[in-house]
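A.B. asks: I am attaching a structure below and will ask some questions about it afterwards.
The values are calculated or read from the model by the stated rules, or taken from the named source; none is laboratory data. Quick caveat: nothing in here was measured; it's all calculated off a predicted structure. FYI the Cβ positions are ideal-geometry reconstructions off the backbone, even for glycines, and counts take in every protein chain you see.
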Ligand code: AMP
Ligand code: GLY
């Protein structure tokens with residue numbers, strides 16, 4: 001099987017790494033890490049016509065689209081004209097492209113989620129938020145459009161809410177993503193991400209991973225794309241997982257199908273467990289990053305076949321899940337998620353066989369691998385237990401050096 005992975009981050013490296021155990025993998029635009037397990041095609045990955053001809057030329061049987069932007073733009077629809085594609089079309093990807101649409105679908109499907117309202121004007125939004133605080137709630141203010149995970153501001157006071165609404169609706173800090181804003185009640189509880197392979201009405205979830213979004217130890221500091229993950233998540237009981245699939249995944253998948261949306265790809269449910277009940281914070285339409293880096297290392301055989309079946313709209317076959325534990329620590333550029341320097345040389349020594357270093361923000365500069373983004377590497381280690389994997393991941397990460405490197409020291413510590 002020939003598979004083309006579209007994307008250039010740590011998630012795509014992890015996908016290419018796993019798929020290359022089962023298939024012949026191409027990638028574009030890729031990165032220096034992906035180049036170790038896939039053939040990089042040096043073409044413009046943002047041009048659908050170019051990708052179509054690449055699919056034909058290299059006899060691609062399956063395309064796996066990594067990031068949300070091309071999915072929202074409808075790349076899957078275009079490539080499906082020439083081959084099988086794992087990734088929803090534009091109609092399905094609206095779940096991530098519009099939080100207003102997503103909340104509406106949750107409400108229609110009866111998915112448990114925070115109470116909310118959508119606004120396009122500042123004054124009524126401000127009045128609504130004031131009312132929620134007067135009624136004893138706090139709120140989360142969310143730019144409706146896709147804003148790289150940064151368009152959500154959780155507000156503990158009306159001052160904070162007013163500031164958030166001002167930034168999104170008046171100052172346009174998130175551009176057109178803030179044209180429409182969702183205000184919802186703040187929930188409290190522990191979060192987890194569930195990645196589910198969906199093929200029309202059939203679905204099968206991947207092992208669960210726990211993400212750490214804030215930049216600094218102790219979950220302090222600004223939100224990031226994710227600073228580390230671990231899998232399995234032992235605090236999550238089978239009952240709770242089953243309940244999440246039954247109340248959050250199943251009704252949404254059915255509703256999408258009822259509406260004629262033939263969803264073939266990942267459904268990423270962001271959840272918060274409040275008083276024992278899993279509530280849906282959001283849906284994404286792609287694999288999580290860096291969840292995928294831990295999840296891929298827990299899969300045995302059958303993953304490529306599962307993606308292919310979903311891409312063809314068939315029943316998803318079982319795939320093998322290993323009983324190892326994995327911890328992934330993200331090494332970021334100093335300053336991330338704010339301003340940071342790029343082009344710094346990275347030194348990766350020989351590491352043990354339990355470690356895989358997934359490249360995220362790297363590039364080649366005169367034959368040397370240098371930093372090229374905020375999240376630079378995901379150092380992923382497998383072990384017999386979470387503490388074993390954690391110790392190995394940090395031992396490896398400590399040996400990898402680049403100027404001003406930054407990482408949290410408490411990934412998986414509370415597991
Ligand atoms: P989202 O992109 O909607 O998942 O939001 C990003 C992050 O903001 C989530 O992972 C939560 O940590 C937080 N968040 C979002 N919605 C809420 C909410 N209603 N209550 C509390 N925290 C929230
Ligand atoms: N790590 C969270 C995300 O991929 O959205």
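A.B. asks: List every residue pair whose Cβ atoms sit under 8 Å apart, with the two residues 6 or more apart in sequence or on different chains, where the first one lies in segment 216-243 and is surrounded by fewer than 16 Cβ atoms within 10 Å (Cβ to Cβ) and the second, anywhere, is in a helix (DSSP H, G or I).
C.D. replies: Close Cβ pairs satisfying both conditions: 234/386.
A.B. asks: Next up: I need the full set of residues from segment 157-173 which are in contact (Cβ under 8 Å) with a residue 24 or more places away in the chain and surrounded by fewer than 22 Cβ atoms within 10 Å (Cβ to Cβ), in order please. If you could, list the steps in order and put the result at the bottom.
C.D. replies: Filtering segment 157-173 down to residues in contact (Cβ under 8 Å) with a residue 24 or more places away in the chain leaves 157-158, 161-162, 165-166, 168-170.
If the condition is that a residue be in contact (Cβ under 8 Å) with a residue 24 or more places away in the chain and surrounded by fewer than 22 Cβ atoms within 10 Å (Cβ to Cβ), then 157, 158, 162, 166, 170 are the ones that fit.
A.B. asks: Quickly run through segment 137-153 and pick out the residues that are surrounded by fewer than 16 Cβ atoms within 10 Å (Cβ to Cβ) and either at pLDDT 95 or above or in a strand (DSSP E or B) (or both).
C.D. replies: Of everything in segment 137-153, just one residue is surrounded by fewer than 16 Cβ atoms within 10 Å (Cβ to Cβ) and either at pLDDT 95 or above or in a strand (DSSP E or B) (or both), namely 137.
A.B. asks: Give, as residue ranges, the helices (runs of 4 or more DSSP H) completely inside segment 61-127 that count at least 3 residues that are under 21 Å from residue 29 (Cβ atoms). Talk me through it step by step, then tell me what you get.
C.D. replies: Numbers: elements: 68-72, 75-79, 90-97, 99-109.
Those helices (runs of 4 or more DSSP H) span 68-72, 75-79.
A.B. asks: Looking at (1) part of a helix (DSSP H, G or I); (2) within 21 Å of the chain's Cα centre (by Cα), find the lone condition where residue 266 falls short.
C.D. replies: (1)
A.B. asks: Have a look at 93, 73 and point out the one that is modelled with pLDDT of 95 or more and surrounded by fewer than 20 Cβ atoms within 10 Å (Cβ to Cβ). Walk me through it before giving the result.
C.D. replies: Values: 93 fails: surrounded by fewer than 20 Cβ atoms within 10 Å (Cβ to Cβ).
Only one candidate passes the filter, namely 73.
A.B. asks: Taking residue 363 as the residue in question, decide whether it is out of contact with any helix residue (DSSP H, G or I) (no Cβ under 6 Å at 6 or more places or on another chain) and part of a strand (DSSP E or B). Reasoning before the result, please.
C.D. replies: On the way: out of contact with any helix residue (DSSP H, G or I) (no Cβ under 6 Å at 6 or more places or on another chain): yes; part of a strand (DSSP E or B): yes.
Judged against the criteria, residue 363 is a match.
A.B. asks: Still on this model: Residue check: is residue 204 away from ligand 1 (no atom under 13 Å from the Cβ) and part of a strand (DSSP E or B)? Full working, then the answer.
C.D. replies: On the way: away from ligand 1 (no atom under 13 Å from the Cβ): yes; part of a strand (DSSP E or B): yes.
Against the criterion (away from ligand 1 (no atom under 13 Å from the Cβ) and part of a strand (DSSP E or B)), residue 204 qualifies.
A.B. asks: Would you mind telling me which numbered condition in (1) crowded, with 19+ Cβ neighbours inside 10 Å; (2) under 19 Å from residue 10 (Cβ atoms) residue 316 fails?
C.D. replies: Status for residue 316: all satisfied but (2).
A.B. asks: Among what's in segment 104-131 and is under 21 Å from residue 275 (Cβ atoms) and buried (at least 21 other Cβ atoms within 10 Å of the Cβ), pick the residue that is nearest to ligand 1 (Cβ to nearest atom).
C.D. replies: Restricting attention to segment 104-131, the residues satisfying the condition of being under 21 Å from residue 275 (Cβ atoms) are 106-107, 110-116.
Pick out the ones that are also buried (at least 21 other Cβ atoms within 10 Å of the Cβ) and you get 106, 111, 113.
Working: 106: 11, 111: 14, 113: 8 Å.
Result: 113.
A.B. asks: Is there a residue being away from ligand 2 (no atom under 16 Å from the Cβ) and modelled with pLDDT of 95 or more anywhere in segment 279-289?
C.D. replies: If we filter segment 279-289 for residues that are away from ligand 2 (no atom under 16 Å from the Cβ), which is where we start, we get 279.
Within this subset, residues satisfying the condition of being modelled with pLDDT of 95 or more are 279.
Yes, because at least one residue in segment 279-289 is away from ligand 2 (no atom under 16 Å from the Cβ) and modelled with pLDDT of 95 or more.
A.B. asks: Can you give me the ranges of the strands (runs of 3 or more DSSP E) entirely in segment 277-360 with at least 3 residues that are within 16 Å of ligand 1 (Cβ to nearest atom) and in contact with a strand residue (DSSP E or B) (Cβ under 7 Å, 6 or more places away or on another chain)?
C.D. replies: Numbers: elements: 277-284, 325-332, 355-359.
Correct list: 277-284.
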